[in-house]
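Take a look at the structure below.
The values are calculated or read from the model by the stated rules, or taken from the named source; none is laboratory data. As the structure is a prediction and not an experimental result, all values here were calculated from the model. All Cβ positions, glycine included, derive from the backbone under ideal geometry; neighbour counts span all protein chains shown. Keep in mind that these areas ignore ligands, DNA and RNA; they rest on the heavy atoms of the full protein, side chains included. Shrake-Rupley method; radii C 1.70, N 1.55, O 1.52, S 1.80 Å.
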4 protein chains.
Amino acid sequence: MKRVESVWPYLTPGIPDHLFERLSGISMSSREIRLLILSYLQLEEDSILWDIGAGTGTLPVEVGLLCPQARIVAIERDEEVAALTQLNCAKFGVKNVEIVTGSAPDCLSNIKQFPERVCIEGDRSYKEILQEVWKRMILGGRVVVTTSTLNGLYQISESLAGLQARHIEVVQSATRQLKLSSHHRISTEPDPVFLICGVKVT
Amino acid sequence: MKRVESVWPYLTPGIPDHLFERLSGISMSSREIRLLILSYLQLEEDSILWDIGAGTGTLPVEVGLLCPQARIVAIERDEEVAALTQLNCAKFGVKNVEIVTGSAPDCLSNIKQFPERVCIEGDRSYKEILQEVWKRMILGGRVVVTTSTLNGLYQISESLAGLQARHIEVVQSATRQLKLSSHHRISTEPDPVFLICGVKVT
Amino acid sequence: MKRVESVWPYLTPGIPDHLFERLSGISMSSREIRLLILSYLQLEEDSILWDIGAGTGTLPVEVGLLCPQARIVAIERDEEVAALTQLNCAKFGVKNVEIVTGSAPDCLSNIKQFPERVCIEGDRSYKEILQEVWKRMILGGRVVVTTSTLNGLYQISESLAGLQARHIEVVQSATRQLKLSSHHRISTEPDPVFLICGVKVT
Amino acid sequence: MKRVESVWPYLTPGIPDHLFERLSGISMSSREIRLLILSYLQLEEDSILWDIGAGTGTLPVEVGLLCPQARIVAIERDEEVAALTQLNCAKFGVKNVEIVTGSAPDCLSNIKQFPERVCIEGDRSYKEILQEVWKRMILGGRVVVTTSTLNGLYQISESLAGLQARHIEVVQSATRQLKLSSHHRISTEPDPVFLICGVKVT
């Protein structure tokens, strides 16, 4: 039995970027970064995941396909972008994503279910968001944060240290699509992306 | 329902390297490379996968967990290493892996089921193996080959071109674990790895 | 005594990119690539260097400053670009560059002095150019070729092997300027660049 | 006139690593890192350079050859290692290096000449050293610091910010020697290295 009607009839994650609907100016996590985020999130079958800064919605789509029994809360402050998240979930037939339009950390206190996993994407007020996340995340919960700047990397590291997070890891992605020939079209190299993860233990 | 008894109770791929049993001198595909291989294999629920050069068995384990209805044939020439593949499958509770001890391309003609996906890992006679794979793989089947050398990259590219493979992509992995401090233990940087994939269309 | 009137009053190579005059659409070797090219050229005080595909002229400028007694022949097919090469040499006060406007390999037979070092930059007919270079370069001469494509890398490697070049090395540059913060302007990441060098011994 | 008797008869920097005398356990800046350090130091003909943590002595050798009129102070706490620095200077015929055996920052106050350029290599007490350097370096002086850890990167960045350094740049080196074939010997990939530079303006 294959998911033949689906845009992505495969069980493996790592959907090619061009399959997602895009909005000009809205960044998205590339295929390789999504693979790393998924891996470091270590999702269980029925995990409750908050995706803060859902944007194009590539992560909710990948998680929704991989873990159809998970409960995914996609948080996005911009209404138009939230509609894009929704659109991509619909396109890929993902049904277990609840979209919250609101600005983190303020809107987080309104979300009823406490998270077991949290992903924070895009450049934001890491410190305040992480503090609020730490209040609500269950013990043993994991957080994965991405940033493309050194400043972001500093703030995230210091915040996680302040929160006594354990098992902190920092990964830098630099996977490259190599050009075969000069006539071959190539997508621009993404900025270097740092991924930082940590676990709540106290 | 969580897979609590399992060594890896998570739905997401990308098992940390240290969870696998190892044999000294036997290389293994690192976590980041496995994520890329899985993504480029684009596996379906019931795909038939040949893994040529199974080695430590990390790929059969990841595929077995992700696609429990897939049929995985792990091909490994060395008996002791084949036992290691088996051991890791058992450790992770993977049951849909058939192990073939034999040397590719010769042993491939004895495998009954034609593959829909093929992964070729490790440095080998790429040309002869790809020719044999092309005879047996179904139309629309995908092959993913990894190599750490430019010579390997040349041979694979030329072989795929000669076989009129389509949708050829070359990806170079360079994900890095960043050291937090000088006292922090860090695993050695893996050699740069090239991943080449192509699709059989004629 | 400092070279105070100069745009670049320093003895160390690696001139920041923004100090060069540019023409829209004309690529230039970035600072980091130039450092690698210089290093692998292993120039002597009075070396005769051919720079095939001089473009913006960054390499002639760097060599001219570093080795004021060297004889540099900058070969560029496009007249407007050759004027740019000239302009940058003048800007940096470099006087030991002769500019040849012509298309390689055809124009190479008109250059009187046989080269001791050759740099080939930009995507071109590597095989024909290398064959012509090999006819004219002195024994012990070194060639350094850059390319941004795998196809280029193949052609250069095969040509050098066919010419029985020795001490072949392949280097991939991936130096990155890291963004400090998201408000910080960052120059676009250059394409990955391969540098291949070899020595004529027969 | 060629420097024929020299181990390195070339005018271009970037001496291959294997030409230096080594001591087991003593790290050295690789060829590519040295090229970046040199470039970011922006040395003038008669610059006064302090090299704190001289180690194997590769930087004093490169600077000594490139700027024979510069005054180089190589500071190294370990006597045996200082002897290695000396040995390499002698091997390459470099005469403008003064070796100070002592521990920074304490020993810095005993050095008579104020520096115009400072390089700090190896993992050390960045904050204290940079404060002492800032007291003594001339206005307009440049400092280049290398580190292989994120912790080092943080400390250096914060210290430079506290000292109101300007023109701060962070560069990550990731140049790779690519393996041609699996039979080809390849030197181990170096740790990722961060290079941070800044200028004293107040």
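A few notes on this one:
- Within the stretch A:65-84, backbone nitrogen closer than 18 Å to the virtual label 7 Å beyond the Cα of A:E45 toward Cβ: A:65-72
- 1.4 Å probe accessible area per residue over the protein assembly as shown, in Å²: 40 Å²
- Residues whose amide H lies under 5 Å from that of A:L23, counting only those 5 or more places away or on a different chain, are absent; hydrogens are built 1.01 Å from N in the peptide plane.
- Residues listed by number, the stretch B:128-172, amide nitrogen under 18 Å from C:E158 label point at 7 Å toward C-beta: B:128, B:150-165
- For the stretch B:125-185, diffusion coefficient by Stokes-Einstein and Kirkwood Rh (Cα), 10 °C, 1.306 mPa s, µm²/s: 114 µm²/s
- Charged-residue dipole, Cβ positions (Lys, Arg, Asp, Glu), the protein assembly as shown about Cα centre, Debye nearest 20: 0 debye
- Filter on A:K127/B:K179; C:K200/D:K179; D:K112/D:K200; A:K200/B:K95; B:K179/C:K179; A:K112/A:K200 - keep pairs with C-alpha separation over 28 Å: A:K200/B:K95
- Chains C and D, summed buried accessible surface - 1.4 Å probe, Å², nearest 100: 3700 Å²
- In this rough spin-label picture, where each label sits 7 Å from Cα along the Cβ direction, the D:E169-A:Q69 distance is 5.5 nm.
- Here the dipole of the stretch B:1-124 is about 300 debye; that uses its Cα centre as origin and unit charges on the Cβ of Lys and Arg (positive) and Asp and Glu (negative).
- Extension gain, A:K112 back to A:Q131 (0.36 nm per residue minus Cα-Cα distance, nm): 5.1 nm
- Two-site FRET efficiency, B:E98 against B:V201, from Cβ-Cβ distance with R₀ of 25 Å, rounded to 0.05: 0.35
- Ligands, DNA and RNA left out, the 1.4 Å accessible surface of chain A is 49% carbon and sulfur atoms.
- For the stretch D:37-77, the residues whose amide N sits under 13 Å from a probe point set 7 Å from the Cα of D:S6 along the beta carbon direction are D:61-70.
- Entry note, chain B: relative contact order of 18 percent, from Cα contacts under 8 Å with a spacing of 6+ residues.
- DSSP beta bridge pairing in the stretch C:45-202, given as percent antiparallel to the nearest 5: 40 percent
- Taking the chain by itself as reference, the stretch B:20-44 contains these residues with an accessible-area loss of 30 Å² or more in the full protein complex (1.4 Å probe, heavy atoms): B:R31, B:L35, B:L36, B:S39, B:Y40, B:Q42, B:L43, B:E44.
- Here the Karplus curve 6.51 cos²θ - 1.76 cosθ + 1.60, taken at θ = phi - 60°, turns the phi angles of the stretch A:100-108 into couplings of 10, 8, x, 9, 7, x, 3, 6, 5 Hz, with x standing for Gly and Pro.
- Centroid-to-centroid separation of the stretch D:96-116 and the stretch B:90-129 [C-alpha atoms, Å]: 63 Å
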